[in-house]
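The values are calculated or read from the model by the stated rules, or taken from the named source; none is laboratory data. As the structure is a prediction and not an experimental result, all values here were calculated from the model. Don't worry about glycine lacking a Cβ; one is built from the backbone with ideal geometry, like all the others, and counts go over all protein chains shown. Each accessible area value is taken on the protein alone, full model and side chains, heavy atoms only, with ligands, DNA and RNA left out. Shrake-Rupley method; radii C 1.70, N 1.55, O 1.52, S 1.80 Å.
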Amino acid sequence: MDLSYLLWLQNLRQASAVLEKLFAGISAFAVNPATMLIVFLIYWCLDRVQGIEILSCFTFGQYVNNTIKLTACVYRPWIRSSAIVPSALAVDGATGYSFPSGHTQMAASTYGVIGKQEKKHKAIRWICWIFAALVAFSRNFLGVHTPQDVLAALLEAVVLWNLLQWFERKYVQDPSRGRRWILLASLLCFATVLYYLFKSYPMDYENGMLVVDPEEMQIDGFGSVGMFLGFTLGWRMERKYVRFENCTGVMQAVIRILCGILAVGAVTLAVHELKPLFDPRWYKLTEHFLQIFAGMFLTPLLFHAVENRKK
């Protein structure tokens, strides 16, 4: 039944290049660096607490999502059935296994949560929710995910959001627990990497070639571990050494954005120079760890120093 639905959407897509480009654009924007910039802008400039909530849901959600993917090892729709022809505009971004949808989880954990947090402006709330829903639909429309993949990702985002809210109230607000949480998260990330490396994977062959290479599937998983660890360490260090306040003016916001571009850009360029020395999986883990850590801690440390010096 799920493949029949995808075939129906496939006929619609192949009949309209405009719709294909539209939904490919919507899908791509969900994982575009602009999305992370929007989240960090909220964290740096608008509301530190809300930014942390979104980033926690985003990074932990990606970690959980990719762990489920590498556990279930569900093949993409076009591997399951040769009748499914994914959109050429989306297939390059369809990395990793299929279940659950990473794009959907990412959109729900950012734009969905932004919409849930927005109390003053109903228009912004509904725009965010509608965009998250369109991203979910686009993954089906483009033929890169089944309905089960999308629905599971939406459910995952809702459950994790509520779980993290409970966790923050019970544990995070107690400063004495911070060090233990860092240790626990670090051990969890280490154990997860070992799990990714040594668990068994389906090894199906076609014409003497692997249908899916497990090492390629692990790349996104390693990256999500880096995100989660970068957020955890960055959050703890910002809380301990910086504790910045929300912006009070446009110029202050501009300075913070420039500091963010400098910090995140510098670590991205630095690790990129070392890319030839890394296994792709470890490169992705290192890159994502440094980018999130730079956004969470190095950027606030930099603009906090600049602001204090001006005072």
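Which whole-angstrom value gives the distance between the alpha carbon centres of the stretch 236-250 and the stretch 187-216?
When both Cα centres are located, 40 Å separates them.
When the chain is fully extended, how far beyond the present Cα-Cα distance does Val85 get from Leu277, taking 0.36 nm per residue of separation?
The Val85-Leu277 span can extend by a further 65.5 nm.
Under DSSP H, which helices of the chain have Cα atoms covering 27 Å or more of the helix axis and a Kyte-Doolittle average no less than 1.0?
On the way: long enough: 48-72 (35 Å, 0.34); 122-141 (28 Å, 1.03); 147-167 (30 Å, 1.08); 178-198 (30 Å, 1.37); 214-241 (40 Å, -0.26); 250-273 (34 Å, 1.72).
Going by DSSP H runs, the hits are 122-141, 147-167, 178-198, 250-273.
Would you please calculate the Kirkwood hydrodynamic radius of the stretch 181-311 over all C-alpha pairs and express it in Å, rounded to one decimal? It would help to have the intermediate numbers written out before the result.
Numbers: mean 1/r = 0.0596 Å⁻¹.
Evaluated on the stretch 181-311, it is 16.8 Å.
Alpha carbon centre of the stretch 266-307 versus the stretch 115-162: separation in Å?
Centre-to-centre (Cα) distance: 28 Å.
Can you tell which of Asn246, Tyr201, Gly295 lies farthest toward the positive end of the dipole of the stretch 188-311, using +1 and -1 charges on the Cβ of basic and acidic side chains (Lys, Arg; Asp, Glu)?
Final value for the positive-end residue is Asn246.
Could you work out how far apart the two model spin labels at Leu187 and Leu258 are, taking each label as a point 7 Å from the Cα in the direction of the beta carbon, and quote it in nm?
Label at Leu187, label at Leu258, 4.5 nm between them.
Calculate the tail of P(r) for the stretch 45-155: the fraction of all Cα-Cα distances greater than 21 Å, expressed in %.
On the way: 2385 of 6105 pairs.
More than 21 Å apart: 39 percent of the Cα pairs in the stretch 45-155.
Give me the percent of the accessible area of the stretch 203-265 that comes from carbon and sulfur atoms, probe 1.4 Å, all protein chains in place. Mind dumping the intermediate values first?
On the way: 1970 of 3280 Å².
Percent of accessible area from carbon and sulfur atoms in the stretch 203-265: 60.
Scaled to the compact-protein estimate 2.2 N^0.38 Å, what is the alpha-carbon radius of gyration of the chain, rounded to two decimal places?
Working: Rg = 20.1 Å, N = 311, 2.2 N^0.38 = 19.5 Å.
Rounded to two decimals, the normalised Rg is 1.03.
With the other protein chains left in place, how much accessible area per residue, in square angstrom, belongs to the stretch 186-310 at a 1.4 angstrom probe? Working shown, then result.
Working: 6820 Å² over 125 residues.
Ligands and nucleic acids excluded, the result is 55 Å² per residue.
How many percent of the accessible area of the stretch 1-79 is carbon or sulfur, using a 1.4 Å probe? Before the final figure, lay out the partial values.
On the way: 2380 of 3380 Å².
Carbon and sulfur: 70 percent of the exposed surface of the stretch 1-79.
Send over a whole-number figure in Å² for the accessible area per residue of the stretch 128-168, probe 1.4 Å. Walk me through the numbers on the way to the answer.
Numbers: 1620 Å² over 41 residues.
With the other protein chains kept in place, the stretch 128-168 gives 40 Å² per residue.
Keeping every protein chain in place, order His304, His121 by accessible area at 1.4 Å, biggest value first, i.e. largest first.
Most to least solvent-accessible, the answer reads His121, His304.
Amide H of Phe99: which non-local residues (sequence gap of 5 or more, or other chain) have their own amide H closer than 5 Å, using H built in the peptide plane?
Those lying under 5 Å, H to H, from Phe99 are Val74.
Rule-of-thumb check for the stretch 241-308: C-alpha Rg over 2.2 N^0.38 Å?
Details: Rg = 14.1 Å, N = 68, 2.2 N^0.38 = 10.9 Å.
Its radius of gyration relative to the 2.2 N^0.38 Å reference: 1.29.
Using only alpha carbon pairs under 8 Å that are at least six residues apart, calculate the relative contact order of the chain and give it in whole percent.
Details: 406 pairs, mean separation 67.4, N = 311.
Relative contact order for the chain comes out at 22 percent.
For Asp47, what accessible area in Å² do you get when you roll a 1.4 Å probe over the heavy atoms of the protein chains, rounding to the nearest 10?
Only protein atoms counted, so the area is about 50 Å².
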